[in-house]
Each structure stands twice: as C-alpha cells, then as structure tokens.
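Taken together, the values in this text are just the output of simple stated rules run on the coordinates, not laboratory data. Because the structure is a prediction, the values reported are computed rather than measured. Here the Cβ is made from the backbone with ideal geometry for all residues, glycine too, and neighbour counts use every protein chain on show.
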Amino acid sequence: MKISSIKYAILITIVILFSYGCDDTAGKKSQYSLSEVPLVNLDHLMYLYADVELPNGRTAGIVHIYSEYPDYTYEIESKEGYTCVDDVARAMMVDNIRNAATDEIRNRYDRMAEFLLYMQAENGYFHNFIWHDLSINKEYRTSLAEPNWWSWRAFWALSNFQSKDDSLMARVEKSCQRLAGNLFDAYLDLPKSYDTIEGVVVPTWLPLETASDQAAVLILGLEAYYLNIDQDPRVLKLIGKFADGLKATQKGGVKQFPFGAYLSWQNTWHAYGNNQAFAMLRAGQLLEREDYVESALLEIDNLYPYLKYEKYISYLSIRNLGPKYEVTGFSHFAQIAYGFRPIIWACVEAYKVTRNEKYLDRALETAKWFSGENYAKTAMYDPETGRCFDGIPSPVEVNMNSGAESTIEALLSLQVFESLKDD
C-alpha cells in the first residue's frame, strides 16, 4: 500500500521546512534546492566520530559526547569521560550508517561495534564511559557494568548488527548471548508482584523494579535478538513478561487523565526515552498479541494529543486519591530531541500497523518541533549541517550546543520519513 499523494506532499512540506537554517541566523532561506538537501545529514555525526586504537590492539569507533557552540569544539565531562556506550549504540541504529552504501561508513559501523565489545565487562553487562587515555571508567555510577540503560542500548544495537566480517559477527553474537543469559537469569522467574506509590499501583518485575522505559528498550533488543541471533523460546516469554509489565504501568484512558500514559518509573512519566508504545506495537506483532497493540494505541490516541495541546511537556508525576489521578509534579522543560523521537517512532509504527493515516499526520506534526514549531520558535535541526541543538530549557532559551545525543536522536527521528517515501 502506497502513501497517498496528499501524505507524500506533506512529507515534502516537512523537508521544505527543514531547508531553512537553524543557526543564529535561523529563518534565512537555504541556498540549496530541496533536491540537494537530504533530510538526514550525517555530517555533524561524522564530525563527532573518531577512530581510536584500543589497548587490545583493535581499532574502534567512538562518538564525542559534547560539542559546544559556537565553534562546536569537543568537551569532556569531568566525572564521566569523553565518549560512551549510550551514544555509540544510538549511532549504530541510524539507518544511513548501518545500511550505508559506502565502505567508509560501513567500516565505521563495524568499528563502533568493536567499541561496544571492548566495553563489555566479565559479568556480561557494559561499562559506559572511557577517558582520553582509553581506560574504562569503572567507578562512576553512570558507568558501572550493571543492568541499566547503557547495557540495554548496547544489547539493542548489537542484536541488530550486521556485517560482512564473519569473525566480528561471531564475537557480537557471543556478546549478545552473554547478556541474554543474564536477562533470563534475572527476570524469567521473577514473581509478578506490585507496589503502591502515592496510591498508584505499579509492577515490580521490570528493571529497577518499575522502570518501564528500560523494559521497552529490552523488548526491542530481545526482538532483534530473536529475529537475528537465537530463536530461543525463552526470548518470546521474556518479551511477553516485560510487555505485561508495561501494560500494568499504563494509567488513565480515553478522556481520563493521564490518558493511557505508560509511567516511566514509579509514579512518573517523562518524555525522554518513552519508547513504551513503540515497543508494545513491536511486541504485539511479534507475539500476535492484539491486546499489546491496543494498549499502545490507547497511549498514542489519547496521551499524544494531550501532549500537543500542552505544547509538549518534559515530565509529570501523579498520585491516586480514589476515582481520579492528580498531578503532583509537572514541567514543560527541558524539551530535547530524545523526548520527541519516541513519539514519532510510535506514530509511524502505528501507521504501519493500522494503515490509518491519522498516525502519520501525528508523526509529521510532532516532527515540526525540529523545524521551529516549538516554544522558542527556533528550528532545532539543520539539514545543511546535520546539527541538532541540545534543547529548549525555558520558553525563551535555546541550548545551541549540539552533542551526540541530540544529533543522533534527531537523525533517528527524521530517518523514518525518508523511509516512508518508498513504503
């Protein structure tokens, strides 16, 4: 089924919107024609990329974390390091990298996998940061080799990894099998129990007990693991268990606040990393569970219009005092690319599942945040450079730095529209 000519015209309109610069002269018309300005531009990401020679003798690819306005020089975080598993794994999920036509980019893709393998600890989990001398940061809390975000992102990226290098593929598969074994040991037999936080009932069989945002990344990693590496029936069982946990975090419903939102952790929803609806759509298709699909559509159909009405929010916390949920914490800021990519992915996936073009409309409307329909009235992404600003911290401010997370999340957001042209 082809996208209607109307929808294709909307896609072209989005590209035209992005043909306006987003630096301090935002609003000036680009010197390039539409055909010369691809929506996904790897230039800035490749500027952040570097090859390094690891202590083990292998060449690895890293991505600098911080890039500071106005010259976009690299910076280092004093407690963490200068590159991390989180961002390298994200970069490996950019279609223009993992499906690259050139050997240069494909080789960089392979080298990024080498970096992730280097960061895996003996316990099967991953450290996150390294220092400039290429020693691994094994002490700071955001770099411990433990069941946490960076381990899950590494698992997702490596489970999707494909290479012509058979030896590298074998090592990647072994790496994924080690972490998958950890997941089976930690979660398969974990009882399905519940806790109550400010009157809100939440499941406790997810990572960090209640972290449905992390469980969503695991669902996506396990799906790729099952399709690409090992069709172990335990994988499907674990996907279902995590999906059941996500359903248990979903609160409210049609016209009932918080409108089918999957709480991210405990009694809080936050925009960043809110992959739950997308993961539920994928789980529903893999497991042939229509209830998972319906659960995802409940959030997409009800929470997302609320977010648009509010001009998007960063987080909200709730409590339950009987028949209704009440807000105990709420903020619009900071707004970042990482808070918009999950919405776009979920809407595009909902379109693919249902073929209802209202979901494509919603994805396109959300993407306009990148082209200037936001509090700051500033284009956040520039297709001429591939930069995405790091966020909007207040109604009148723009963080004009362009680090790895913002850059990559913008590319991940926009790549789905380019792919839809041939859908």
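With each label modelled as a point 7 angstrom along the Cα→C-beta vector, the residue 170-residue 204 pair spans 4.5 nm.
Can you give the charge dipole size of the range 232-309 about its Cα centre, rounded to the nearest 20 debye, using +1 on the beta carbon of Lys and Arg and -1 on the beta carbon of Asp and Glu? Roughly 200 debye, rounded to the nearest 20.
Take the Cα of residue 51, step 7 Å toward its Cβ, do the same at residue 123, and the gap between the two points is 3.5 nm.
Exposure proxy shown here: for 127, 132, the number of other Cβ atoms within 10 Å sets the order, fewest to most, as 132, 127. The residue list 265, 88, 67 was ranked by how far each Cα lies along the charge dipole of the chain toward its positive end, using unit charges on Cβ atoms, and 265 comes out on top. Convex hull volume per residue, computed on the Cα atoms of the chain, equals 144 Å³. Of the GluC sites (Glu not before Pro) in the range 238-333, the ones in a loop by DSSP (not H, G, I, E or B) with at most 10 other beta carbons within 10 Å are 288.
Within straight-line reach of residue 324, meaning a Cα separation under 21 Å, sit the following lysines at least 8 residues removed in sequence or on another chain: 247, 251, 255. In the chain, taking the dipole from charged Cβ atoms about the Cα centre, the farthest positive-side position among 120, 328, 186 is held by 328.
Shown here for the range 198-301: trypsin sites (Lys or Arg not before Pro) in loop regions (DSSP other than H, G, I, E, B) with at most 16 other Cβ atoms within 10 Å, namely 255. The phi torsions of the range 174-180, fed into the Karplus equation with coefficients 6.51, -1.76 and 1.60 and a -60° offset, translate into couplings of 4, 4, 5, 5, 5, 6, 4 Hz, rounded to whole numbers, with Gly and Pro shown as x. Multiplying the residue separation of residue 99 and residue 396 by 0.36 nm and removing their Cα-Cα distance gives an extension gain of 103.1 nm.
Rounded to whole numbers, the Karplus 3J(HN,Hα) couplings from phi for the range 52-59 are 9, 9, 6, x, 7, x, 8, 8 Hz, using 6.51 cos²θ - 1.76 cosθ + 1.60 with θ = phi - 60°, and x at Gly and Pro. Pull up the cross-link candidates among the lysines for residue 174, meaning alpha carbon to alpha carbon under 23 Å and not fewer than 8 places away within one chain. Residue 174 reaches 138, 164, 237. A Cβ-based charge dipole, computed about the Cα centre of the range 209-267 with Lys and Arg at +1 and Asp and Glu at -1, lands at about 300 debye. Fraction of C-alpha pairs exceeding 24 angstrom in the range 112-243: 32 percent, rounded to a whole number. Modelled spin-label separation between residue 332 and residue 59, with each label point placed 7 Å from Cα along the Cα-to-Cβ direction: 4.9 nm. A simple rule links phi to the HN-Hα coupling: the Karplus curve 6.51 cos²θ - 1.76 cosθ + 1.60 with θ = phi - 60°, which for the range 330-337 gives 6, 7, 7, 10, 7, 9, 9, 4 Hz, with x for Gly and Pro.
Global dimensions of the range 212-288 from alpha-carbon coordinates: Rg and Dmax equal 12.9, 42 Å.
Placing +1 on the Cβ of every Lys and Arg and -1 on the Cβ of every Asp and Glu, with no other charges, gives the chain a dipole of roughly 1100 debye about its Cα centre. For the range 49-187, the calculated P(r) over all alpha carbon pairs, in 10 Å bins from 0 to the bin holding the longest distance, is 12, 44, 34, 9, 1 percent. Taking 0.36 nm per residue of separation and subtracting the current Cα-Cα distance, fully stretching the chain between residue 419 and residue 178 would add 83.5 nm.
Subtracting the Cα-Cα distance of residue 254 and residue 373 from their residue separation scaled by 0.36 nm leaves 40.2 nm.
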